[in-house]
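Notes follow the structure.
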Amino acid sequence: MTRKSRLLTAGSVIVLVALMVALLLMWRPAIAPVSTPPATSFDAQTRVAGARVVALGDCIVCHTAKGGRPFAGGLPLATPFGTIYATNITPDPETGIGNWSLTAFKRALRDGVSRDGHLLYPAFPYIHFTRISDSDIAAAYAYLMTREPVNATTPANDLVFPLNFRPPLALWNLQFLHAGPRPPDTSKDARWNRGKLLVDGLGHCASCHSPLNLIGGEKAGHGFDGGVVDGWEAPALNALSAAPKPWTQDQLVMYLRSGRASEHGAAAGPMLPVTRDLATVPDEDVQAIAAYILSIQKPTSSDADIPLDAKLANLAATQPGAALFAASCAQCHGPAAPMQSIGERPSLAFSTAVNAATPRNAIQMMLSGNGWHGEDRENYMPAFSQIYDDHQIAELASYIRATYSQRGPWQDVATMAARIRQENHAR
Ligand code: HEC
Ligand code: HEC
Ligand code: HEC
């Protein structure tokens, strides 16, 4: 044998062994179907506990299509690898999880395996849900099994080859899934441990707030350094936070429950539905989440960095965006705006978006606005995507940056505005 053919043979043996190992790993048995458990088999207390678990896990956010029935699936989730549709998790036996036993449900949340044995894509955050306790899983099951069954077939995923083929997920899981709940850290108090469990488990906060690597896993050692989701930046929540004023327990709780904090800004984009869900859970859960998040931050700046509006107006008045700002933004964001003077709307100087390293969220906010949602209409901001072109959006972004932040100017703002507009369009 030549050297080359020996190498080739050795290579094919390695590939063959790897394939066999992968096949073994990816083989999961089906769990026998059951008949849908009657509502009477779950007590009221468990169902109420389940509502809390399901809210903390944002299950409804992903599992409900725009204008669709709750939990009936069909929402397209855009990933760099194509589109994945969230499935129907109503108790419909044919198209939902009506014939799933608790064992099958638990395996899906802990191991990312469907009832029939196929592996689930990590767009479903099972790598976080794996930490949920047995009793919380049972409660979520009771809650979901007592929802209205909806017969709705989930559209087929549209993924690039070879990811449309599920078995290789077994290899992904080897690296990123550390199955099962974690023991509490006994050096910390109960609230901190509850917070960590909610943040890392049910709340799956890191799935948005951490950077992802090329194969869609969370980058090791960079937890909560900030990530990008649906065209928005999910800001760093750790010591890298760009918030100009350090978060406090009260401000975090206010933000997480109402989507607005008087010394920061508003929750927009993909964070908005998270805060809607957190508004429905007991205060102690949000207090615990906030306590844990605070423990991973350390103040990066002091109030001294925050410019006062009054000083600013003249400072940046000569900037090209000044006239646009006066025409379209000042009635809400200017120093004389009524909401600002009664202290309900923070100055843009407090905004993480305005102080961030990139203009992404400031641009998104201008292009997309923040929809009108009845009870939290204080958070309403109109969308300017139809009103201003990329160049004007860039002028506005540069103007608010110069006016409200001490951090240097953003570069290539118009290019980013064009890119974000395109991304939004494609979505
Ligand atoms: C970030 C979006 C997201 C969230 C949040 C989410 N899911 Fe899912 N879930 C998905 C996607 C996407 C799939 C389909 C994955 C696939 O087809 O491989 C899925 C699949 C499932 C499945 C498997 C269904 C089947 O037919 O195989 C179950 C069960 C499930 N989710 C339950 C839940 C529960 C319970 C919660 C809340 C605790 C939840 N999900 C929260 C995105 C999400
Ligand atoms: C679906 C993705 C997603 C999930 C899940 C998510 N976030 Fe966010 N979060 C975002 C985005 C995007 C922003 C930026 C919103 C904006 O600028 O208005 C954000 C903003 C925030 C902010 C404000 C940061 C700042 O400095 O302004 C906090 C605090 C926060 N999230 C905490 C959490 C916590 C705690 C969880 C888990 C319970 C969580 N997030 C889950 C996407 C997400
Ligand atoms: C009708 C009132 C209104 C108008 C007009 C308006 N905004 Fe807003 N804007 C809001 C509200 C409400 C928020 C969310 C709460 C907050 O942060 O003050 C917001 C948030 C923002 C944010 C994000 C701050 C954060 O981190 O939460 C930016 C950036 C912003 N606006 C820029 C602009 C610019 C630039 C214009 C003009 C092109 C404009 N806004 C026009 C009401 C308005």
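The values are calculated or read from the model by the stated rules, or taken from the named source; none is laboratory data. Quick caveat, the model's predicted, so the values are computed rather than measured. Cβ atoms come from the backbone with ideal geometry, glycine included; neighbour counts cover every protein chain shown. Quick note on the areas: whole protein, heavy atoms, side chains included, nothing else; ligands and nucleic acids left out. Shrake-Rupley method; radii C 1.70, N 1.55, O 1.52, S 1.80 Å.
Surface exposure of the chain, expressed per residue as accessible area with a 1.4 Å probe, stands at 50 Å².
Computed from the C-beta positions of K298 and K4, the FRET efficiency with R₀ = 60 Å rounds to 0.60. Checking every one of the chymotrypsin sites (Phe, Trp or Tyr not before Pro) in the stretch 107-176 against DSSP loop status and a limit of 13 other Cβ atoms within 10 Å picks out F165. For the chain, the calculated P(r) over all alpha carbon pairs, in 10 Å bins from 0 to the bin holding the longest distance, is 4, 19, 28, 23, 15, 8, 2, 0, 0 percent. With the simple spin-label model, which puts each label point 7 Å out from Cα in the Cβ direction, the L24 to V48 separation comes to 5.0 nm.
Database remark: amide H of A234 closer than 5 angstrom to the amide H of G227, V228, V229 (H placed geometrically; neighbours at sequence offset of 5 or more, or on other chains; Pro and chain starts carry no H). With K and R counted +1 and D and E -1, the other residues having a Cβ less than 14 Å from that of I60 yield a net charge of +2. For M416, the solvent-accessible surface with a 1.4 Å probe is about 30 Å², rounded to the nearest 10.
The apolar share of the surface of the chain, taken as the fraction of accessible area on carbon and sulfur atoms (1.4 Å probe, ligands and nucleic acids excluded), comes to 62 percent. Largest accessible area first, the listed residues W247, W27 line up as W27, W247 when surface is computed with a 1.4 Å probe on the assembled protein chains. Helix 102-111 and the longest principal axis of the Cα set of the chain meet at an angle near 60°. Amide H to amide H distances under 5 Å link L120 with V113, S114, where only residues 5 or more positions off or on other chains count and H is placed in the peptide plane.
If you average the sequence gap of Cα pairs under 8 Å that are 6 or more apart and divide by the length of the stretch 102-168, what percent do you get for the contact order? Please report the intermediate quantities before stating the final value.
Values: 45 pairs, mean separation 20.0, N = 67.
Averaging sequence separation for qualifying contacts and normalising by length gives 30 percent for the stretch 102-168.
Computed from the Cβ-Cβ distance with R0 of 41 Å, the FRET efficiency linking A78 to L16 stands at 0.70.
With runs of 4+ DSSP H residues as the only contributors, calculate the mean residue ellipticity of the chain at 222 nm using -39,500 (n - 2.57) per run, divided by the residue total and rounded to the nearest 500. That calculation yields -12000 deg cm²/dmol at 222 nm. Rounded to the nearest 10 degrees, the angle from helix 413-426 to the longest Cα principal axis of the chain is 40 degrees.
Toward the positive end of the charge dipole of the chain, with +1 on the Cβ of Lys and Arg and -1 on the Cβ of Asp and Glu, the farthest Cα among S405, I387, W27 is that of W27. Kirkwood radius, the stretch 190-296, all distinct C-alpha pairs, inverse of mean reciprocal distance: 13.9 Å.
Work out the length of the dipole vector of the chain about its Cα centre, built from +1 on the beta-carbon of each Lys and Arg and -1 on the beta-carbon of each Asp and Glu, and round it to the nearest 20 debye. Numbers along the way, then the final one.
Numbers: 35 positive and 35 negative charges, 254 e Å.
Dipole about the Cα centre, nearest 20: 1220 debye.
Using the Cα centre of the chain as origin and beta-carbon charges of +1 (Lys, Arg) and -1 (Asp, Glu), tell me which of P346, V199, A243 is placed farthest towards the positive end of the dipole. Looking along the dipole axis, the top candidate is V199.
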